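Right, one structure below, let's go through it.
The values are calculated or read from the model by the stated rules, or taken from the named source; none is laboratory data. These figures come from a predicted structure and were not determined experimentally. Using ideal geometry, Cβ is built from the backbone for each residue, glycine included, and neighbour counts are taken over all protein chains shown.
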């Protein structure tokens with residue numbers, strides 16, 4: 001396609017003043033006369049600049065595509081890392097809950113063991129105190145019965161009961177005093193032990 005002189009002059013004028021050339025597919029259809037060196041030179045230079053512009057646009061497009069590809073890869077990596085972080089956080093939370101439950105169970109087991117030990121200790125103390133009281137009562141009753149029998153025999157046989165009577169009276173007093181003393185001592189020990197355990 002050939003352009004008329006008016007368009008040709010206008011294109012050359014724009015190129016001279018503004019350094020702007022035609023671009024794109026339009027250059028493929030414009031023809032110049034072989035005698036018109038200026039316009040032929042213009043078309044050749046416009047083709048060169050068009051190729052350079054296309055190459056630059058292609059390079060920019062490739063760079064943008066590469067950049068977009070890198071961004072997509074980084075985004076996928078980010079998503080993967082975020083997922084791994086989320087899973088690690090959930091796992092840590094679960095481990096923390098398990099540790100708290102284990103601590104609660106350990107504290108409960110410790111409290112139960114201490115309670116069992118305290119009950120066993122009190123039971124042992126109670127049994128020991130019971131045995132001491134029984135032995136003390138048997139001894140006291142035995143001495144009291146023997147002394148009473150001796151006093152009774154002395155009365156029935158007609159022996160002098162003045163000495164044995166006073167001895168019998170003193171013996172019963174001592175036995176009663178000792179019985180109360182033993183019971184008081186045991187109760188005091190039991191109270192002191194219970195107070196110490198409470199502290």
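Looking across 177, 185, one residue alone is assigned to a helix (DSSP H, G or I), modelled with pLDDT of 75 or more and over 54 Å from the mean Cα position of the chain (by Cα). It is 177.
Against the condition under 55 Å from the mean Cα position of the chain (by Cα) and free of Cβ contacts under 8 Å to residues at least 60 places away in the same chain, how does residue 132 come out, does it pass?
Details: under 55 Å from the mean Cα position of the chain (by Cα): yes; free of Cβ contacts under 8 Å to residues at least 60 places away in the same chain: yes.
Yes; evaluated as a whole, the condition is true for this residue.
For the condition surrounded by 10 or more Cβ atoms within 10 Å (Cβ to Cβ), touching a strand residue (DSSP E or B) at 6+ places or on another chain (Cβ under 9 Å), under 30 Å from residue 12 (Cα atoms) and assigned by TED's automatic domain parsing to the domain that holds residue 13, residue 43 qualifies.
Can you tell me which residue among 13, 116, 33, 38 is out of contact with any helix residue (DSSP H, G or I) (no Cβ under 6 Å at 6 or more places or on another chain), surrounded by 10 or more Cβ atoms within 10 Å (Cβ to Cβ), in a loop (DSSP other than H, G, I, E, B) and at pLDDT below 90?
On the way: 13 fails: in a loop (DSSP other than H, G, I, E, B); 116 fails: in a loop (DSSP other than H, G, I, E, B); 38 fails: in a loop (DSSP other than H, G, I, E, B).
None of the others qualify; the one that does is 33.
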